[in-house]
Amino acid sequence: MSAFETTNSGPGVPSRGIPDRNVDNRFQTPSTALEKTLRDGRRVCLRAPCAGDLDQVKECFERLSPDSRRLRFFIAKRVLTDAELNFFTLADEQDHIAVAALELGVDGREARIHGMARCIREQKDSSRGELALAVADDVQGLGVGRLLIEQLGRAARTQGIERFAVETLTDNVGMRALAERLGGAVLSREVGSVQYELPTALAGAPETPAPGDTPCRAMHAWDIPLPWHWAGEADNPFGLGHCIAEILWQWTWGTWRGGYAEEGS
């Protein structure tokens, strides 16, 4: 199965074929990160999610109200399964492209995730991808959704995806208004839902970062703080290499085991 299959779990949630956390793409370098300002003055970093974001993704989901979860997943979803968490934090950045918005503290360090946007190419070599978006309730109305879709559009165009298809519930007034503001056109209407198509070169979205935008450091899956006592190994290349290899193995093993933990309730 490819990334293109979805179910009634909601847009962007695969029926099977969840990416394996043990394969090499967990070490894929995230897309270029960009720092943006929300309407209330807070700064966020827009970047691809990575394997180290599991806890932040789970926390963001928990900040979604029951109604926001229904609008996003089309069902009254209570928890994210381990398989879904894997899916949301692993993207190949070719057929499955994702962007997360992480708040930046006063020290410039990443904090909680405020929302995520992703698209999955409809079929091999297609120039259209299915768009899905979720923004935590406490930051809705601050422009997070638009920033995410704009950044996702830039990343999608580099992979030949020219159009987004987005299906939303009829009563999702906010998503429908956003789609229309970004140049979306109605493709079809069904009982309880409407489907839009919008260009990845979004209406009003600059092709390049605005002058006030600043690059922010993309956090890689292998960003692991080294203990201070390793400083003494700097004069011993073999010893330092051994220490680094050891911590990488410990982190990889912990991540692998974590991917198979029991689901919460």
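Confirm whether Asp92 is touching a helix residue (DSSP H, G or I) at 6+ places or on another chain (Cβ under 7 Å), surrounded by fewer than 16 Cβ atoms within 10 Å (Cβ to Cβ) and farther than 19 Å from Ala177 by Cβ.
Spelling it out, Asp92 is indeed touching a helix residue (DSSP H, G or I) at 6+ places or on another chain (Cβ under 7 Å), surrounded by fewer than 16 Cβ atoms within 10 Å (Cβ to Cβ) and farther than 19 Å from Ala177 by Cβ.
In the list Arg118, Arg78, Arg72, which residue meets the criterion of being basic (Lys, Arg) and over 23 Å from Leu202 (Cβ atoms)? Steps first, answer last, please.
Numbers: Arg118 fails: over 23 Å from Leu202 (Cβ atoms); Arg72 fails: over 23 Å from Leu202 (Cβ atoms).
It is Arg78.
Here are some residues: Leu169, Leu147. Which one is within 25 Å of Arg39 (Cα to Cα) and not acidic (Asp, Glu)?
Of Leu169, Leu147, the one residue that is within 25 Å of Arg39 (Cα to Cα) and not acidic (Asp, Glu) is Leu147.
Identify the residue in the range 187-219 that is among the β-branched types (Val, Ile, Thr) and out of contact with any helix residue (DSSP H, G or I) (no Cβ under 9 Å at 6 or more places or on another chain) and, among all such residues, is modelled with the lowest pLDDT. Spell out how you get there, then give the answer.
As a first pass, look at the range 187-219 and keep what is among the β-branched types (Val, Ile, Thr): 191, 194, 200, 208, 214.
Still in the running and out of contact with any helix residue (DSSP H, G or I) (no Cβ under 9 Å at 6 or more places or on another chain): 191, 214.
Numbers: Val191: 91, Thr214: 65.
Within the range 187-219, the match that is modelled with the lowest pLDDT is Thr214.
Can you tell me which residue within the range 70-81, out of those that are surrounded by fewer than 18 Cβ atoms within 10 Å (Cβ to Cβ) and not polar (S, T, N, Q), is modelled with the lowest pLDDT?
Looking at the filtered set, the residue picked out is Ala76.
Take Ala98 and tell me if it is in the same structural domain as Arg39 (by TED's automatic domain parsing) and surrounded by 22 or more Cβ atoms within 10 Å (Cβ to Cβ).
Against the criterion (in the same structural domain as Arg39 (by TED's automatic domain parsing) and surrounded by 22 or more Cβ atoms within 10 Å (Cβ to Cβ)), Ala98 qualifies.
In the range 127-146, what residues are surrounded by fewer than 17 Cβ atoms within 10 Å (Cβ to Cβ) and more than 22 Å from Arg69 (Cα to Cα)?
Ser127
Look through Val139, Val173 and report the one residue that is touching a strand residue (DSSP E or B) at 6+ places or on another chain (Cβ under 7 Å) and on the phi < 0 side of the Ramachandran plot.
The match here is Val139.
I need the full set of residues from the range 172-198 which are assigned to a loop (DSSP other than H, G, I, E, B) and either surrounded by fewer than 13 Cβ atoms within 10 Å (Cβ to Cβ) or outside the structural domain of Gln94 (by TED's automatic domain parsing) (or both), in order please.
Selection gives Val191, Gly192.
Could you please tell me which pairs satisfy a Cβ distance under 8 Å, a separation of 6+ or placement on different chains, a first residue in the range 139-151 that is assigned by TED's automatic domain parsing to the domain that holds Leu64, and a second residue that is part of a helix (DSSP H, G or I) and among the charged types (D, E, K, R)?
Arg146/Arg181
The values are calculated or read from the model by the stated rules, or taken from the named source; none is laboratory data. Since we're looking at a predicted model, the values are computed, not measured. Counting neighbours? That spans all protein chains shown, and the Cβs are built from the backbone with ideal geometry, glycine included.
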